[in-house]
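Report on the following structure.
Since every read-out is calculated from the coordinates, none of them should be taken as a lab result. Owing to the predicted nature of the structure, the values given are computational and were not obtained by experimental measurement. Methodologically, a virtual Cβ is constructed for each residue, glycine included, from the backbone with ideal geometry; neighbour enumeration extends over all protein chains shown.
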Amino acid sequence: MVLDGESRAVLAVVRHLGRRGVPVFVGGSTTLARAKYSKYCRKGFTYHSSRHGTEAMHRDILQNVKRLRPDVIFPFGSETTQLVLDHSEEYEKHCRIVPMLDAEKFKLFNDKGKMIREASRVGCSIPKTYFPKDLGDAGKLSLHLDYPALIKPRTSSTGKGIIKVHSPRELAREYALVSKQRKEGTAYDPSRPVIQEFIPGTLNYTVVVLFDHGRHMASIVNQNHRYYPVPFGPPIFNETVLNERIRRIAVDMFRKLKWHGTANVNFMIDPRDNIPKMIEINPRLPGTTESSIVAGMDFPYMLYKMALGERIRSTYRYKLNRKFRWLLFAELFYLLKTRNKLATLKRYTDFRNTRTEIDFADIKPHIIQFLGLLVNRQVM
């Protein structure tokens, strides 16, 4: 059973496991959760979203676990993962949970402030980061910062709430706005945002890893080329690359953290000193999971096998220079918002060594995604 059927990554996981002959049930918090409409989904169901409270969500999911009797449950988003971990004893009476951190450790790494501190503690290079106690503290700090700087909510996803500021006055104003900003759902926490040094440049990498109780089982490095929303949203065009320096840094960090399960970590190469700086850790598979699958790094199936108690082989090889693009509808909106549309359109027509998420043999999810764009304005 896979939760968060609205996600682009969940659709990829459902298709991939289904092609491998694994029966897949899909849950989502909306009727228009695209993965529920895949031909590889055996049964789909809808659960209450977080705006109705986590207990209502938990009740719905557990009820469907009892009804459908899956072997394994795979929560994908931060809210559903935290929920399943918080109630792990109840879920484990009926099925197994894919390998991941325990509830407290997941909560810690879902907080950007605590995550930065943990990465720094084990020796990872990070941008200069500050932790104001309140608005007054942020105002005092603003007078001594280098600009531009970033304001980041402690808990958010897909780049929500990140603001780039260019002066003390702008920082104080935006910090106050971010601190009061509320988003639907519990996955966004605007209280006491962190302030972080802005790293210039465009060399941005994501390392996805799988660990078994501190033992490195698999990893892959992607270079990210485009994002939506611009500039702090998730990648919508990436490419598998060989960068052993960054992979070594990531693997060493997760080994010291005694990691269990999957994670993805984002690095930027700081052009001022050529040092990779750790920007963010997400304690779960990324939205770009499909690009890893296409490159031969089968994270979903490895997690499934591990959850069933089966041994898997460690694997560190993958297909290089494999490009992946999410055309529906992120790249379309990126094109609409870019200034130099002619040059961007020219790059868009280059599909050499490139795969996309579009599957004409499983078209219904794309139709549902289009409806979601019209009804909910959900681009990805």
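Summary table
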quantity	calculated
Centre separation in Å (Cα based) which lies between region 99-162 and region 301-380	28 Å
Additional length obtainable on full extension of the chain from LEU177 to LYS128, 0.36 nm per residue less Cα span	15.4 nm
DSSP bridge orientation in the chain - percent antiparallel, rounded to nearest 5	75 percent
Relative counts (whole %) of C-alpha pair distances in the chain, using bins that are 10 Å wide	5, 23, 34, 27, 10, 1
Extension gain from LEU68 to ALA103, taking 0.36 nm per residue of separation minus the Cα-Cα distance	10.1 nm
Linear extension gain, LEU143 paired with LEU203, 0.36 nm per residue minus alpha-carbon span	18.7 nm
Spin-label pair LYS305/LEU327, simplified geometry with 7 Å Cα→Cβ offset, distance in nm	3.2 nm
Value of [θ]222 nm, deg cm²/dmol, for the chain, DSSP H segments ≥ 4, -39500 (n - 2.57) each, nearest 500	-10000 deg cm²/dmol
Mean Cβ count within 10 Å, highest first, over the residues of peptides 9-18, 339-348, 216-225, 316-325	9-18, 216-225, 316-325, 339-348
Rotationally averaged projected area of region 117-252 (alpha carbon convex hull; nm²)	9.6 nm²
Greater than 18 Å apart at Cα, pairs in LYS107/LYS258; LYS105/LYS128; LYS105/LYS180; LYS43/LYS93; LYS152/LYS323; LYS152/LYS180	LYS105/LYS128; LYS105/LYS180; LYS43/LYS93; LYS152/LYS323
Computed FRET value (nearest 0.05) for LYS256 with ASP111, which takes r as the C-beta separation and R₀ as 22 Å	0.70
Nearest-0.05 FRET efficiency for THR54 and SER191, computed from C-beta distance (R0 22 Å)	0.75
For GLU79, GLU92, GLU310, order by how many other beta-carbon atoms lie within 10 Å, fewest first	GLU310, GLU92, GLU79
Nearest-ten-degree value, helix 8-19 long axis tilted from longest Cα axis of the chain	30 degrees
Pairwise label distance in nanometres, VAL230 with SER167, each label 7 Å out on the Cα-Cβ vector	2.5 nm
Cβ-based exposure ranking for ASP212, ASP350, in which fewest neighbours within 10 Å come first	ASP350, ASP212
